[in-house]
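Remarks on the structure that follows.
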Amino acid sequence: MDRALPYIGDGLKPVQRRIIYAMSELGLSASAKYKKSARTVGDVLGKYHPHGDSACYEAMVLMAQHLPIATHW
């Protein structure tokens, strides 16, 4: 199997969970100061997700959209 499956408890894939965790460690929230997405992706790649940056960017874009996540995977 070459695709990660969502966790049944929250419906998030591992890369999505890693992005959210990295953003919380950086102190990013709706009221936080602006930071570039490259900072978040760099932290995710460096600490938690040793794959290409395109997977992280794609996951961030899909998470930011208002469409249901299930329709994209």
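For region 2-31, a residue qualifies if it is hydrophobic (A, V, I, L, M, F, W, C) and surrounded by 12 or more Cβ atoms within 10 Å (Cβ to Cβ), and the qualifying residues are Ala4, Leu12, Val15, Ile19, Ile20, Ala22, Met23, Leu26, Leu28. Among the residues of region 37-56, those that are at pLDDT 90 or above and buried (at least 16 other Cβ atoms within 10 Å of the Cβ) comprise Thr40, Val41, Asp43, Val44, Leu45, Cys56.
Test each condition in (1) part of a loop (DSSP other than H, G, I, E, B); (2) within 17 Å of Val61 (Cα to Cα) for Ala4 and report the one that comes out false. The failed condition is (2). Applying the selection to region 1-19, what residues are touching a residue at least 24 places away in the same chain (Cβ under 8 Å) and of a type in the set (Val, Ile, Thr)? If the condition is that a residue be touching a residue at least 24 places away in the same chain (Cβ under 8 Å) and of a type in the set (Val, Ile, Thr), then Val15, Ile19 are the ones that fit. Sort out which residues of region 21-68 are within 21 Å of Arg3 (Cα to Cα), in contact (Cβ under 8 Å) with a residue 24 or more places away in the chain and part of a helix (DSSP H, G or I), and write them in order of number. If the condition is that a residue be within 21 Å of Arg3 (Cα to Cα), in contact (Cβ under 8 Å) with a residue 24 or more places away in the chain and part of a helix (DSSP H, G or I), then Tyr21, Val44, Lys47, Ala55, Cys56, Ala59, Met60, Met63 are the ones that fit.
The values are calculated or read from the model by the stated rules, or taken from the named source; none is laboratory data. None of these values were measured; they are calculated from a predicted model. Every residue, glycine as well, gets a Cβ built from its backbone with ideal geometry; the counts of neighbours run over all protein chains shown.
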